[in-house]
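Note sheet for the following structure.
The values are calculated or read from the model by the stated rules, or taken from the named source; none is laboratory data. Note that the structure is a prediction, hence the values are computed from the model and not measured. Reconstructed Cβ throughout: ideal geometry from the backbone, glycine too, with neighbour counts over all protein chains shown.
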Amino acid sequence: MSDLKPMGAWGEGDWIAAIAVVVLGIFLALGAKIAIQKQPEFAGHPKGLYMLFFAEMWERFSYYGMRALLIFYLTKHWLFSDGKANLVYGAYTSLVYITPVLGGYLADRYLGNRKAVTFGGILIAIGHLLMTFEGAGGQNDPTINVFWAALAFIIVGTGFLKANISVMVGQLYKLTDVRRDGAYTIFYMGINVGAAIGTILVGYLGETIGWGYGFGLAGIGMLAGLVVFVIGKGALMGAGEAPAPLSKSREMSLYGIGIASVAVIWALVQYQDVIQTLLIISGVALLAYVLYESFKLEKEPRERMFAILFLISLNPLFWGLFEQAGGSMSLFTDRFVDRSGTPASLFQSINPIIIILMAPVIAVIWQWLGTRGKEPSAPVKFALALAQMGLANLVLVWGAQAWGIAVMTPVFLVFAYYFFATTAELCLSPVGLSAMNRLAPKFLASLIMGAWFYMTAVGNFVAGKIGEATGGHGGEMSKAKLLEVYELFGWISIGAAVLVLLLSPIVKRWMHLDTLKDEAPVAEKAA
């Protein structure tokens with residue numbers, strides 16, 4: 001990317017930035033308008049859902065926009081090998097999903113979800129600002145330390161934001177409300193609207209004009225999300241508030257813990273082997289704590305916790321494969337796919353665009369089946385997700401091999417890969433978010449959501465290791481090696497799907513959905 005323009009030399013890029021700002025402004029205005037309206041519901045759902053939709057949309061605009069560029073930034077600007085770049089990418093994305101355990105715990109016990117989300121948004125915005133400092137490039141450039149700091153701010157900020165904003169969605173509904181899975185699918189649509197727009201705009205600016213411009217636009221997106229959330233807090237009707245009155249000094253000390261965590265993460269993200277050890281130790285500790293809390297419960301809530309642990313345990317395999325999208329799959333698309341000059345980062349927008357199109361359809365299907373008592377259970381949906389993720393890998397492998405290893409792979413196979421990966425995601429991620437919120441005891445709600453993201457973190461680190469394997473011994477990717485690795489894990493995923501399907505009746509019994517005791521959601525209590 002040596003032909004990128006330096007910061008300050010816009011030229012023909014001015015109109016792109018202007019369009020981006022206009023689009024941001026329109027969506028910000030719409031989000032704010034919805035957020036401040038007083039009616040309790042709109043289109044069959046609480047108004048708070050739509051405010052959270054817009055706030056999360058902007059946060060995901062910034063995250064996925066930056067993620068679309070990250071693997072290319074690592075290989076083309078900081079000059080990491082393919083294998084090492086995949087490891088750094090995996091370390092970053094895994095830490096993004098580990099920190100919600102801390103953020104969820106502090107919100108459950110002290111801060112409340114709303115304040116935790118606000119603080120997290122501020123840290124993320126600072127991180128994106130730091131990403132605009134490019135330096136000269138190469139690993140000997142001292143500016144790389146600013147890059148590590150930028151990642152650290154984004155990681156810790158996401159820890160305070162990610163689990164807590166998801167929990168607030170569930171607080172708007174009764175436990176037995178058949179709209180819950182549909183609500184999380186709508187919320188998930190907001191995530192992917194932001195991801196699609198962010199990937200296209202940030203990716204295009206970063207790859208064609210300059211890294212700093214792309215990362216700077218991602219920062220604007222985060223600020224937009226923060227404004228929507230602050231303006232629209234009234235739409236939450238009391239959801240997300242602190243569990244007990246909190247003194248100013250205690251609140252400031254909790255924010256201080258967050259700032260101190262940035263320094264710790266700054267060091268961790270640079271040493272991937274340490275992260276692997278951390279994942280093992282903290283994973284065992286988290287499992288022990290959850291089991292400890294589980295065995296203090298009565299039979300039915302205890303078995304619900306067992307169901308939670310089963311569903312969570314499937315995350316590493318699924319996300320380990322799915323998250324190749326931002327790592328090895330992006331490098332494959334850049335080097336071995338006939339894309340007719342289209343920037344490779346833009347292909348990451350295929351996934352969120354398909355979700356935008358498919359999510360409403362699937363939400364209606366789940367709700368329609370649910371009202372008739374025929375909706376597949378969560379473990380069956382997870383089995384479908386694993387089967388489709390495996391199929392995505394195998395379709396790409398078989399198609400590329402049939403077309404010819406020595407020639408450029410046709411772009412329709414990339415679309416086919418993302419189609420099956422996306423339908424798989426829609427059977428797992430929103431369903432998992434809903435299940436965690438529905439099955440967890442109230443006093444552990446945010447921690448369980450954090451545990452869900454923690455195991456997603458393990459999956460992201462696994463993704464880095466799989467991506468490293470596609471680089472072979474020399475660290476540079478070969479097409480044949482990538483296809484070999486993808487085929488192996490495709491079959492592993494399909495085998496796991498069969499096993500989950502066989503165990504699904506047991507797990508469904510553990511969920512005890514027929515005896516869930518309902519209570520009014522926070523929004524009704526405040527009315």
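A few comments on the model shown:
- Residue within the range 314-323 that is over 30 Å from Val414 (Cα atoms) and surrounded by 22 or more Cβ atoms within 10 Å (Cβ to Cβ) present: no
- Within the range 359-381, restricting attention to residues that are assigned to a helix (DSSP H, G or I) and touching a Phe, Trp or Tyr at 6+ places or on another chain (Cβ under 8 Å), the residue that is farthest from Tyr184 (Cα to Cα) is Pro379.
- Applying the criterion of being out of contact with any Asp or Glu (no Cβ under 8 Å at 6 or more places or on another chain) and surrounded by fewer than 15 Cβ atoms within 10 Å (Cβ to Cβ) to the residues of the range 508-517, the residue that is modelled with the lowest pLDDT is Lys517.
- The set of residues in the range 131-156 that are on the phi > 0 side of the Ramachandran plot and surrounded by 17 or more Cβ atoms within 10 Å (Cβ to Cβ) contains only Gly137.
- Verdict on Ser478 being of a type in the set (Ser, Thr, Tyr) and either within 21 Å of the chain's Cα centre (by Cα) or farther than 18 Å from Ser330 by Cβ (or both): no
- Among the conditions (1) under 30 Å from Ile353 (Cα atoms); (2) outside any helix (DSSP H, G or I); (3) among the acidic types (Asp, Glu), the only one that Glu241 does not satisfy is (1).
- Unique match (being part of a loop (DSSP other than H, G, I, E, B) and surrounded by fewer than 24 Cβ atoms within 10 Å (Cβ to Cβ)) among Phe72, Phe80: Phe80
- Test result for Ala224, outside any helix (DSSP H, G or I) and among the hydrophobic types (A, V, I, L, M, F, W, C): no
- Within the range 177-200, the only residue that satisfies the criterion of being of a type in the set (Ser, Thr, Tyr) and either touching a strand residue (DSSP E or B) at 6+ places or on another chain (Cβ under 9 Å) or more than 30 Å from Thr515 (Cα to Cα) (or both) is Thr199.
- Screening the range 257-289 for residues that are touching a residue at least 60 places away in the same chain (Cβ under 8 Å) and not in a helix (DSSP H, G or I) and picking the one that is farthest from Phe160 (Cα to Cα) gives Gln270.
- Pairing residues of the range 218-231 that are closer than 13 Å to Arg114 by Cα and crowded, with 24+ Cβ neighbours inside 10 Å with residues that are modelled with pLDDT of 85 or more and among the hydroxyl-bearing types (Ser, Thr, Tyr), at Cβ distances under 7 Å and at least 6 apart in sequence or on separate chains, gives Phe229/Thr118.
- Criterion applied to Ala457, Ala421, Ala451 was being among the hydrophobic types (A, V, I, L, M, F, W, C) and at pLDDT 90 or above, and the one residue passing it is Ala421.
- Checklist (1) buried (at least 24 other Cβ atoms within 10 Å of the Cβ); (2) in contact with a strand residue (DSSP E or B) (Cβ under 8 Å, 6 or more places away or on another chain); (3) not basic (Lys, Arg) applied to Gly203, failing item: (2)
- Restricting Gly450, Gly432, Gly399, Gly390 to those that are part of a helix (DSSP H, G or I) and free of Cβ contacts under 8 Å to residues at least 60 places away in the same chain reduces the list to Gly399.
- Leading residue by the ranking (surrounded by the most Cβ atoms within 10 Å (Cβ to Cβ)) among those in the range 162-179 that are assigned to a loop (DSSP other than H, G, I, E, B) and β-branched (Val, Ile, Thr): Val178
- Selection count, the range 467-500, where residues are of a type in the set (Val, Ile, Thr) and within 17 Å of Phe80 (Cβ to Cβ): 1
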